[in-house]
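**Q** Before anything else, here's the structure in question.
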Amino acid sequence: MKLKKLLAVTLLSLISFCSAETAEEIIKVFTDLDRVPDYNYSTILIDNIEPNGKVEHMEVKQYGGGSNGLKNTVFDFVKPASVKNTRILQAEKIKKQDDRWIYMPELRSTRRISVSESYKSFVGTELTYNDMTLRKEDKDKNEMMSQNESVTVNGTTYNCWKLKSTPIKLGEVEYGYRISWFDKNTYIPVRIEFYDKKDASKMIKTYEVEKLEMVKGATGITYPLRRSNLVTNLVTGRKTRVSVKEFEFDKKISDSYFTQSWLATGRAK
């Protein structure tokens, strides 16, 4: 697996010297598991910012691990007290909808998050459950809008591909289409605009990478890390900032984290 990842990183470096042929190629590179650490742990800080400036602070532990070419992720909410011990499991499936489960401590129960809930808020943030998973290229009709587009985000200017992605199944998502600016150096979308289903000219939400870093995992492999991200709801004026406080990549994590037993207890074997 490590040799495969090193070859993938080398291939990515070679590809960066030329333009990808299609929008699907660009998105496939972005979603390729070979660019994601085999295992990852991070402490995430979430700030929900109201239009009046009031801020709610949240802290989450995230664990990620892969097996058989699939990716599992769990979130463990630590702060504030109102969401403490809320835990969410996302398990990727082949040619099926990903499984999502949530443990609610006030009810002491675990339930499946249905597909119809995928567009709903992720624990009170401006992110949805859809936003928390990588969307594969075959889920959308992807079109190249520009092969060479510049965009400035938080003071940093990126040379990008500009893509339009229209969901094949509109009922699964909360928007009509999205426009993304993919950085040519990292294949990371540094800005995404989401547009209304009924009014195609109405932008309803934006996502921006405020800080992008290249970091090394435990095995020496380098990965792009979106250190700080900002989601803005243009309808309500509410914002959510997500930043990575600390992280560890490619250090083994027990498979017991990615189980319903862990959701209920918070204890791994």
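**Q** Given a 1.4 Å probe, how much area per residue of the chain is accessible, in Å²?
**A** Using a 1.4 Å probe on heavy atoms only, each residue of the chain averages 51 Å².
**Q** Straight-line reach from LYS202: which aspartates and glutamates fall under 18 Å, measuring Cα to Cα and dropping same-chain residues less than 8 apart?
**A** Answer for LYS202, where 18 Å is the Cα cut-off: GLU126, GLU174, GLU193, listed by chain and number.
**Q** Excluding the sites themselves, what is the longest stretch of the chain that contains no GluC sites (Glu not before Pro) in a DSSP loop with at most 10 other C-beta atoms within 10 Å?
**A** 107-269
**Q** Here's something else I'd like to know. Given axes a ≥ b ≥ c from the Cα gyration tensor, I'd like to know whether the stretch 147-269 is rounded (a/c under 1.5), prolate (a/b larger than b/c) or oblate.
**A** The shape class here is oblate.
**Q** The chain: percent of C-alpha pairs farther apart than 34 Å?
**A** More than 34 Å apart: 15 percent of the Cα pairs in the chain.
**Q** Moving on to the next point. Starting from the Cα of LYS251, draw a straight line to each of the aspartates and glutamates and keep only those under 13 Å, dropping any in the same chain fewer than 8 residues away.
**A** ASP38
**Q** Sticking with this structure for a sec: Which of LYS28/LYS54; LYS84/LYS169; LYS71/LYS269 have a Cα-Cα distance over 30 Å?
**A** LYS28/LYS54; LYS84/LYS169
**Q** Rounded, prolate or oblate: pick one for the stretch 222-269, where a ≥ b ≥ c are the square roots of the eigenvalues of its C-alpha gyration tensor, a/c under 1.5 means rounded, and failing that, prolate if a/b is larger than b/c, else oblate.
**A** oblate
**Q** Quick one: Debye curve from the alpha-carbon atoms of the stretch 71-202 only, equal weights, vacuum; give me log10 I(q)/I(0) at q = 0.12, 0.20 Å⁻¹ to two decimals.
**A** Rounded to two decimals, the profile gives -0.59, -1.21.
**Q** For LEU170, LEU263, write out the residues from largest to smallest accessible area, computed with a 1.4 angstrom probe and no ligands counted.
**A** These residues rank, largest area first, as LEU170, LEU263.
**Q** Which whole-number percentage describes the relative contact order of the chain, with Cα contacts under 8 Å and a sequence gap of 6 or more?
**A** It comes to 19 percent, rounded to a whole number.
**Q** What's the extension gain from LYS169 to LYS198 if we count 0.36 nm per residue and subtract their Cα-Cα distance?
**A** Extra length available between LYS169 and LYS198 comes to 9.0 nm.
**Q** May I pose another question? Which entries of LYS61/LYS141; LYS139/LYS211; LYS61/LYS211 show an alpha-carbon separation above 25 angstrom in the structure shown?
**A** Cα-Cα > 25 Å for LYS61/LYS141; LYS139/LYS211; rest within.
**Q** Here's another thing I want to ask about it. I'd like the carbon and sulfur percentage of the solvent accessible area for the chain, probe radius 1.4 Å, heavy atoms only, ligands and nucleic acids excluded.
**A** 52
**Q** How far apart, in nm, are two points set 7 Å out from the Cα along the Cα-to-Cβ line at GLU246 and at SER150?
**A** Inter-label distance under the simple model: 4.0 nm.
The values are calculated or read from the model by the stated rules, or taken from the named source; none is laboratory data. What you see is a predicted model, and the numbers here were worked out from it, not measured in a lab. Here the Cβ is made from the backbone with ideal geometry for all residues, glycine too, and neighbour counts use every protein chain on show. The area values use the complete protein model at the heavy-atom level, side chains included, leaving out ligands, DNA and RNA. Shrake-Rupley method; radii C 1.70, N 1.55, O 1.52, S 1.80 Å.
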